[in-house]
Every structure is written in structure tokens, then in C-alpha cells.
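Before any comments, here is the structure.
What follows draws every value from the coordinates through simple rules; no lab data is involved. For clarity, every value in this text was computed on a predicted model and none was experimentally measured. Methodologically, a virtual Cβ is constructed for each residue, glycine included, from the backbone with ideal geometry; neighbour enumeration extends over all protein chains shown.
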Amino acid sequence: VPYKRAVFFRMGRSMPTVDYGPKVEDEVRRIASSGRLTERDRKTILEYKRDLEVRGLSKGRIFKILIHTRKFAEELHGTSLVSASGDGIKDLVAWVQNRDLAESTKADYKQVLKQFFKWLNDGEYPKKVSWIRATIKKNEGKLPEKLLTEEDVQKLVDAARNPRDRALISLIWETGARPGEYLDLKVGDIEDRENGKKVLVSGKTGPRRLPLVSSVPHLNRWIAFHPANGDPEAPLWCRLDGNRHERIDYDYFRNLLREIAERAGVDKPMYPYAFRHARATYLANRLTEAQLCQYFGWVQGSKLPSTYVHLSGRDIDITYDRIHGLAGKDEETPKLSPGRCPRCGEIVEARGKFCPRCGLPMTQEVAQRLQENEEIAKALYDEGVEAAGNIKKLVEKMVSEKLKEILGKDYGRK
């Protein structure tokens, strides 16, 4: 099925893929028609594209390089990027640094700039770009206060306007999966297990099954509502407007997240990967580094877990006390952890007031309020019945008096 921006497809059970071919061609047309590029830059950038393809770079990477390079050339306002001076390069770096972008994105822009001039200079960095630092310091840009929290996620779920969006936000928080992994899911990738459900995702290190608990109530509701819930091959996250069998894509979801965040009042960097960073930081205080690698689909021995362990501020005291059986009382239960209905065993979402299966109130407070409402309703009903009886008697009396007035002494004769 063709999509406006990108097409998601699955090759067996391998890593989910975005077909960037159409995007690359769109960008080529944009470069060829841009009135802000010099003729020399247009020709050189397209030659660069050809060499990137010869080197075997992915379409996705080529797409990003072309966009960044075009923007650099356009930012020079008629001056050729190819012949940019040292001061011109400094202006471009300053332009990147002053933009409202993630530190990783700024680093990527600067890396693209350096690589372009390295290509122009036969594989050597010319002096005018060799000074550019295109890496980020450890943990730079991932300050804990900028990361999403459980409270933020709950606000996003509450602000979502339909079962699909609530289920999607819940699942990406719980799994911390890559966008390509969860956007590529099919209905049949959600499976039952004893304590909830599990989801099969396919990533860089192969397929893996992740347990689901907190997102289960929202998933159950969405799957019940899903227009093709009987088809295991149907995309799990489909559009709700237009073609309901069409998978939502990355751009659609990114814009959706921003809309929901604005309604929820969550003022933090909001993009699909933000959930993965926040979840990895959250679980770094609860899982070993080997378990983190397995859960997030990193190769064993990856340095990534140590980054998130540092961000989480893992407390060695708690771990040591747990070894000696001294920890546990003060350990906080996740705020999004669901409950289980004591009557039918159904998993109920966090803060859920009633069991979605049998309707049982989930807290004593809710049960008491329900009982009070029932008593009020019964009292109103009883008063209504009594009032209805009184009205009937009054009507009968009025009719009787009117008949007496009309019939006079003949009233009551047979």
C-alpha cells in the first residue's frame, strides 16, 4: 500500500524497515528545483548522492545527508557551499548550535558538514572543518529533568482521545522499543501469557518477546475496537480516518505525539525516541546491564546500558541491602502498574475504577460511592412512585369534580 511519506514493510521476521526510496527521490527533486542553491551546489550535491550510493549507504542515511547538506547550502544565501570560507563554515556551525534541536541532532548536522568537505577534499578533512567537534559528551542532552516520567506518561494517556492512541502511548512506554519496531507491529504480534500479554518485536539484534503488564488494559480495549482485530496480519496501529487498514507512519505518529503533549501540558522534548530514552533510564535502576541489553535489543556488552545507569543514579545501597533481605519495604511500586480484579482476574488499568469485564468496583471508596448513589437513586425512585400515586389521585378527583359539574345530579347514576 503506498503511503504519502514512507512505506513500512516486513521482510520475514527481520528488522522492520522504512522504505526511504520515495523520500530520497523527493529530496533530489527539491535540490534540483531549489532557487536558494547555486548551480554549482546543485550539481555537486547530486554527485555526492551518487557516491554515497556507490559506498553502500542506506537510503535512510542518504536521505538525511541530502537534507542536511541542502539546508547548509541554502543557509549561505547565494554563496556556494562548495567554496565556503572558514568564516562561512563557522557561521553554519553557529546556525546549527542556535537551533532548537536535540544535541544528537546537532552533532549529526556537524558530522554531515565535515564528511561533505572530506569528500570534496579527496578523503582528508580540510583545515576549515577539521576543528568541528561532531560528537556529544557522555549524557549530554539527556538531562534527567528533560526525560519523560511515569506522571508525564499518565498525562499523555489521559489526554489521548481514542483507544488506539492510549494503547500506543502505553505500549511504547512499557516496552521502550524503537519506533520502527512498534510501528511495524501486527495484530498477531500481541500474544497472551499468564500475567498479562507479550509482544513480539523485531530489531537490530533479531526478534525478541517483551512482557506486557501496564499497557494490557489499554491494548485489550484497542484490539476490541480495532477494525480488523480478527486478522493477525493487519497492522496493529492503523489510521482511524480514511483507509482504516493503512498503517500509521513515523511522521504521522510524531505529529500526533506533539498534539497530545500540548493538550496534556507536558512541556518536554516530545519525539518517538524520547520514550525509549526515558524507559531505559527508568529500568536501569531495576535491571542488570545484561538484562537491559536483552530487553532493549542491544548486543551484549554494549556501552549503552552504562549511559542509562549513570542517568538513573542507580543506588548501590538499595542493591546491597536487597542482598541481605533489608530492602523492599520502601521500594516504590511503579505508578502505572495495573491491578487485578479479585472477582474475575481481569487486569485493570492503573487508577481504573471498575473492572472492564465484570464491572466490579476496584476500590472501597468507589464501592461506597456506588452504594450511596444506588441508595439515592432508590430514594428518588420511591419518591417518584409515591408522587405518581398522588398525581393519579389528584387527577381522578379533578375528573370527578368536572363530571359532577357537567352532569349535575345525573352524575353517578347507572
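Here are a few things to note about the model shown:
- Ascending count of other beta-carbon atoms within 10 Å, so fewest first, for T149, T281: T149, T281
- For region 82-180, applying the loop criterion from DSSP together with a ceiling of 16 other beta carbons within 10 Å to the chymotrypsin sites (Phe, Trp or Tyr not before Pro) yields W131.
- Estimated FRET transfer efficiency (R258, D91; beta-carbon r; R0 35 Å; 0.05): 0.70
- Cα→Cβ-extended label distance, 7 Å offset, between E39 and S58, nm: 3.8 nm
- Pairs from the list K49/K204; K197/K335; K59/K198; K23/K197; K268/K335 with a Cα-Cα gap above 28 Å: K59/K198; K23/K197.
- Label-point gap, in nm, between E233 and D267 - each point 7 angstrom along Cα→Cβ: 4.9 nm
- Ranked for footprinting exposure by Cβ neighbours inside 10 Å, fewest first, I136, I347 give I136, I347.
- Label-to-label distance, nm, for residues given as V82 and K204 (7 Å Cα→Cβ offset): 3.5 nm
- FRET efficiency estimate (nearest 0.05) - Cβ-Cβ, I391 to D100, R0 56 angstrom: 0.25
- P(r) for region 144-323, from all Cα pairs and a bin width of 10 Å, is 9, 36, 36, 15, 3, 0 %, short bins first.
- Residue exposure proxy: M270, M398, ordered by other Cβ atoms within 10 angstrom of their Cβ from fewest to most, comes out as M398, M270.
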